[in-house]
Amino acid sequence: VSKAILHLFPRPGPRDLKRLQELPLVRLADGGICNARRKLYFDAQLTDIPNDLDLQLVVSCGADLQSYRGLLSLLGVESADVHQIVGLISERHENTYGTLTNAKLVALPSHARFLFHHAQWYRSKKNPFYVRTSDGHFQASTSVYIDPARDAAHSGLAGFIASAGASVLHAEYFAQVSDMESDMETWTGWLHSPLGVCTAPRIETGGLSSE
């Protein structure tokens, strides 16, 4: 189909292009089919893009890959790039996490994972970075502790953190490590800096510091 359309419309004028964009020719990465009258992006090789960023990603593989990509480019599909996605994640945390839908709450660990994979593009800011907690809620990373059971250096603090009522990072963050080319220590260190998740708590007068 792609080859036939490109053969018939090698350089479509505005009217023909509009008609082509209205046809259901685009296969989305989530299995859906749509037209090109919306902002669409090639999934490229960024397979770890969080699924809550309202990016419509298209399937960019198949037997007729070259002609299909040519057709999608003709229809206005652009390539998703790391800088853009990092920006979208940052915007989420700066502007829209006063309240969270459940879908966006569940997606928070994937934000950290993507930023870890593309750390050269991420610069931490003064704005909060929100993380999912073990009780199913969310808080700013600087108020949440890595579970001492996951951090051998501070394993003796588990009881103290629990008795102080501190929030602990959700276990899903550590499930993210299983298929990454990094060990737990590297991942834990990155969660602490630059994301700001607490490791060793600051203690004052028998309690956790508010700082």
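When each of Ser124, Ser141 is tested for being of a type in the set (S, T, N, Q) and at pLDDT 80 or above, the lone residue that passes is Ser141. Residues that are touching a residue at least 40 places away in the same chain (Cβ under 8 Å) and crowded, with 17+ Cβ neighbours inside 10 Å: does region 53-66 have at least one? No; the residues of region 53-66 include none that is touching a residue at least 40 places away in the same chain (Cβ under 8 Å) and crowded, with 17+ Cβ neighbours inside 10 Å. Taking (1) of a type in the set (S, T, N, Q); (2) in a helix (DSSP H, G or I); (3) at pLDDT 65 or above in turn, Ser155 satisfies each apart from (3).
Which one is modelled with the highest pLDDT, of the residues in region 161-211 that are in a helix (DSSP H, G or I), aliphatic (A, V, I, L, M) and surrounded by fewer than 17 Cβ atoms within 10 Å (Cβ to Cβ)? The qualifying residue modelled with the highest pLDDT is Ala175. Within the span defined as region 59-72, every residue fails to be at pLDDT 80 or above and touching a His at 6+ places or on another chain (Cβ under 6 Å).
Does Ile5 count as surrounded by 13 or more Cβ atoms within 10 Å (Cβ to Cβ), closer than 17 Å to Asp81 by Cα, touching a residue at least 24 places away in the same chain (Cβ under 8 Å) and of a type in the set (Val, Ile, Thr)? Reasoning before the result, please.
Numbers: surrounded by 13 or more Cβ atoms within 10 Å (Cβ to Cβ): yes; closer than 17 Å to Asp81 by Cα: no; touching a residue at least 24 places away in the same chain (Cβ under 8 Å): yes; of a type in the set (Val, Ile, Thr): yes.
Spelling it out, it is not the case that Ile5 is surrounded by 13 or more Cβ atoms within 10 Å (Cβ to Cβ), closer than 17 Å to Asp81 by Cα, touching a residue at least 24 places away in the same chain (Cβ under 8 Å) and of a type in the set (Val, Ile, Thr).
The values are calculated or read from the model by the stated rules, or taken from the named source; none is laboratory data. Bear in mind the structure is a predicted one, so any value in this text is a computation, not a measurement. All Cβ positions, glycine included, derive from the backbone under ideal geometry; neighbour counts span all protein chains shown.
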